[in-house]
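The values are calculated or read from the model by the stated rules, or taken from the named source; none is laboratory data. Being a predicted model, the structure only gives us computed values, none of them experimental. Neighbour counts are summed over all protein chains in view; Cβ atoms, including those assigned to glycine, are modelled from backbone coordinates with ideal geometry. Each accessible area value is taken on the protein alone, full model and side chains, heavy atoms only, with ligands, DNA and RNA left out. Shrake-Rupley method; radii C 1.70, N 1.55, O 1.52, S 1.80 Å.
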Amino acid sequence: MEIVLSGIRSTGNLHLGNYFGAMKNFVRMQEESNCFFFIADYHSLTTHPTPENLFDTTKQVLVEYLACGIDPEKCTLYRQSDIPEIPELYLLLNMNAYMGELERCTTFKDKARKQPNNVNSGLLTYPVLMAADILIHRALKVPVGKDQEQHLEMTRNFAARFNRMYNVDYFPEPTAYNFGQELVKIPGLDGSGKMGKSEGNAVNLADEPEVIRKKVMRAVTDAGPTVPNQEMVESIKNLFTLLKVVSTSETVTFFTEKYNDCSIRYGDLKKQLAEDIINFTTPIRERIIELKSDNDYLRKVINQGAEKSRVSATKTINEVREIIGFRKF
Ligand code: TYM
């Protein structure tokens, strides 16, 4: 069976970008493939969370995965830091990851610009740890948003380099995947860029309806179209992109026509968008609240996930050690 793997960093609440960029098809995938879904808590250390914060966000991501319909009986749901084989593979892959290619990585350059006082080597080798996450289960398909495309390309390079170096056909070359469709970038509400946990422009799956209404009503717009079929500015395109993921096609057509004949009122568009987001997130939010207090269940899920994940991870690391030459006396 095809191996699918995806991860989410534990740096805060999950938002619509995470959901529509990566998670939307997880529920279907777990029926059809051998799925590994995990919480990337090592990756979140690049921003130096406090111990309480690290634990709380890790728990929150676990709860939110489950609330979105991930069934730990149908897939392997685990926490990265429970699998010691991942940092071991990370160490091994680091020996063949070159400074030049790591420094050229767009996400590294972005982070280095955004946090100039904390350009740590974990940030530089972030793509290597991500490659270790993927290759430890020899996954083939990796459902992610558009922002992760380059990381997947780097993973393929590391895999191919390992195979060439040891003259083996061991690691497959995984691809970023979105169920046969283009990878997506869900925009934020601030009129520019993608929705992100630390950008202050996100609608979270756990947000209360009133919070969602407030956030959406504050979204950036322009003064409105003045000539028919006017090209949309970025902030308006973004609202339509969000509308397309949560609303019906009739709603999208309705507001598109209103835009094109210059009769649109952005207030109406935002009200509709907010209600459609609320409709979409309400069942998820309700499950989040239920699951959050069920510590016994969460403990069972995380322990079982670690056990299941380690079976496959141990097999890979033993084979990799053998290939590299760490042989038994
Ligand atoms: P993270 O937590 O930043 O994002 C988790 C997933 O959500 C997607 N995503 C988006 N997609 C579309 N539009 C957006 N605005 C948006 N924001 C986030 C991301 O593309 C991602 O799929 N490095 C990964 C975590 C990770 C991982 C892995 C993923 C670590 N190891 C191995 C896959 C395989 C990340 O950026 O997480």
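Give the angle, between 0 and 90 degrees and rounded to the nearest 10, that separates the Cα long axis of helix 51-67 from the longest principal axis of the Cα atoms of the chain.
70 degrees
Any of Lys197/Lys300; Lys214/Lys292; Lys214/Lys258; Lys24/Lys214; Lys24/Lys194 with alpha carbons more than 20 Å apart? Name them for me.
Violating the 20 Å Cα-Cα cut-off are Lys197/Lys300; Lys214/Lys292; Lys214/Lys258; Lys24/Lys214.
Once both labels are modelled 7 Å past Cα along the beta-carbon direction, what's the Gln230-Glu32 spacing in nm?
That separation, rounded to one decimal, is 4.2 nm.
Tell me, for the chain, which Cys residues have no other cysteine's C-beta sitting closer than 4.7 Å.
When partners are defined as cysteine Cβ atoms under 4.7 Å apart, the chain leaves Cys68, Cys105, Cys262 without one.
In degrees, nearest 10, range 0 to 90: what is the angle between the Cα axis of helix 234-246 and the longest Cα principal axis of the chain?
70 degrees
Which whole-number percentage describes the relative contact order of the chain, with Cα contacts under 8 Å and a sequence gap of 6 or more?
23 percent
Report in % the part of the accessible area of segment 1-63 that belongs to carbon and sulfur, leaving out ligands and nucleic acids; probe 1.4 Å.
Solvent-exposed carbon and sulfur of segment 1-63 make up 51 percent of the total.
Using the heavy atoms of the protein chains and a 1.4 angstrom probe, tell me the accessible area per residue for the chain in square angstrom.
Solvent-accessible surface per residue comes out at 49 Å².
Ignoring ligands, DNA and RNA, what percent of the accessible area of segment 150-290 is carbon or sulfur (1.4 Å)?
48 percent
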